[in-house]
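Trainee: Below: one structure in structure tokens.
The values are calculated or read from the model by the stated rules, or taken from the named source; none is laboratory data. Owing to the predicted nature of the structure, the values given are computational and were not obtained by experimental measurement. Methodologically, a virtual Cβ is constructed for each residue, glycine included, from the backbone with ideal geometry; neighbour enumeration extends over all protein chains shown. Ligands, DNA and RNA are stripped out before the accessible areas are found, and what is left, the full protein with its side chains, is counted by its heavy atoms. Shrake-Rupley method; radii C 1.70, N 1.55, O 1.52, S 1.80 Å.
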Amino acid sequence: MGKIGHRLIHLDEVDSTNHYAERMLRERDVEEGTVIRATFQTEGKGQGDNRWWSESGKNLTFSVILHPGFLDPGKQFALNKAISLGVHDFLSLYLDPVAIKWPNDILAGSKKIGGILIQHAVEGSLLKNTIVGIGLNINQTKFDEELSDATSLSRILRREFNLKDAMALLCDALEKRYSQLKEQKNDRLESDYCNALLGYREERIFVVESREVPGIIRGVDEFGRLLVEHPGTGLKVYAHKEIEFMM
Ligand code: BTN
């Protein structure tokens, strides 16, 4: 099995690297660890119905093809944790603080610097193929007004980064965490994930059903649901979109 990034397909322009990966997988078997990177995406996909905007040639926009057949499909959020940690580890080479904002955002300080979009294909009771899409802002310094909460490495550190070098380091960081997942180093992954999680063990205000409520994040369960302890009412479990942070 190939390491993440051992095979790299670099496209000048594509609709979305996740779509390109889907098309590849429909046509043939693709080796694990294959990375499809684009200089520009015309229809970059974000979470839900969102688009992912990234200036041409400035950032890292890519998808990794994995075959995590060793993971129980019901526990696929473990992969999300490992990948988020890989991105977190890479950024931590340059920045502090970096945080994972549940479920899929990567923050530098309080601003979004990266996002992750994972698509699984289940066959029978196995996770057959997984496409891990990652968008990471590296050299872009101007963002549209509607992206006022966005930032990049360059914007924070005021220097340019070599994208090829950054890509190689990021692949190494992802490979390290993916290996830990395969080797079932679950306690290590879990504690590192919690320590990187925005708001972990901190008292914060959340919005639940349009009401502001205090709570403390206690972790994320195997199904990817956020565990929040509310004073007086105890521990509650939230799926994506059922709870929001007040930043
Ligand atoms: C999000 O935060 O909304 C997730 C963003 C994921 C963006 C990446 S860029 C590379 C890959 N291809 C896509 O079309 N989307 C993901």
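Trainee: Calculate the radius of gyration of the Cα atoms of segment 106-189 to one decimal place, then report Dmax, the largest Cα-Cα distance, as a whole number, both in Å.
Mentor: Calculated on Cα positions, Rg and Dmax stand at 16.1, 49 Å.
Trainee: Name the chymotrypsin sites (Phe, Trp or Tyr not before Pro) in segment 1-84 that are in a loop by DSSP and that have at most 11 other C-beta atoms within 10 Å, would you? Could you put the intermediate results ahead of the total?
Mentor: Values: sites: Tyr20, Phe40, Trp52, Trp53, Phe62, Phe70, Phe77; in loops: Trp52, Trp53, Phe70.
Those satisfying the criteria are Phe70.
Trainee: Counting pairs of alpha carbon atoms under 8 Å apart in space and at least six apart in sequence, what relative contact order in percent does the chain give? Before the final figure, lay out each step's value.
Mentor: On the way: 484 pairs, mean separation 41.6, N = 247.
With pairs under 8 Å counted, the relative contact order is 17 percent.
Trainee: May I ask which of Lys128/Lys241; Lys176/Lys236; Lys45/Lys75; Lys3/Lys101; Lys3/Lys58; Lys142/Lys185 have a Cα-Cα span longer than 30 Å here?
Mentor: Numbers: Lys128/Lys241 27 Å; Lys176/Lys236 32 Å; Lys45/Lys75 24 Å; Lys3/Lys101 27 Å; Lys3/Lys58 25 Å; Lys142/Lys185 40 Å.
Beyond 30 Å between Cα atoms: Lys176/Lys236; Lys142/Lys185.
Trainee: Would you mind getting the accessible area per residue of segment 12-107, heavy atoms of the protein chains only, 1.4 Å probe, in Å²? Please list the in-between numbers first.
Mentor: Numbers: 3930 Å² over 96 residues.
Accessible surface, normalised per residue, equals 41 Å².
Trainee: In deg cm²/dmol, rounded to 500, what helix-only [θ] at 222 nm does the chain give when every DSSP H run of at least 4 residues adds -39500 (n - 2.57) and the total is split over its residues? Present the calculation step by step, with values, prior to reporting the outcome.
Mentor: Details: 5 runs with 63 residues, N = 247.
-8000 deg cm²/dmol, from helical runs alone.
Trainee: More than 28 angstrom separation, counting every C-alpha pair in the chain; what % is that? Mind showing how you got there, number by number?
Mentor: Working: 9469 of 30381 pairs.
The proportion of pairs with Cα distances above 28 Å equals 31 percent.
Trainee: Here's something else I'd like to know. What does the accessible area per residue of segment 141-202 come to in Å², with a 1.4 Å probe and no ligands, DNA or RNA counted? Intermediate results must be reported in sequence, preceding the final value.
Mentor: Numbers: 3820 Å² over 62 residues.
With all protein chains present, segment 141-202 gives 62 Å² per residue.
Trainee: Between Asp15 and Glu229, what is the spin-label point distance in nm, taking each point 7 Å from the Cα along the Cα→C-beta axis?
Mentor: Label at Asp15, label at Glu229, 4.8 nm between them.
Trainee: Could I ask something else about it? Hey, what do the phi angles of segment 38-50 turn into as Karplus ³J(HN,Hα) couplings, whole Hz, using 6.51/-1.76/1.60 and θ = phi - 60°, x for Gly and Pro?
Mentor: Each residue of segment 38-50 in turn: 10, 6, 9, 10, 7, 9, x, 9, x, 5, x, 9, 6 Hz.
Trainee: While we're on this one: Apply the Karplus curve 6.51 cos²θ - 1.76 cosθ + 1.60, θ = phi - 60°, to the phi angles in segment 110-117 and return the couplings in whole Hz, x for Gly and Pro.
Mentor: 9, 10, 7, 10, x, x, 10, 10
Trainee: What percentage of the solvent-accessible surface of segment 58-140, computed with a 1.4 Å probe over protein heavy atoms, is contributed by carbon and sulfur atoms? Kindly include the intermediate steps, with their values, before the conclusion.
Mentor: On the way: 1290 of 2510 Å².
After summing per-atom areas, the C and S share lands at 52 percent.
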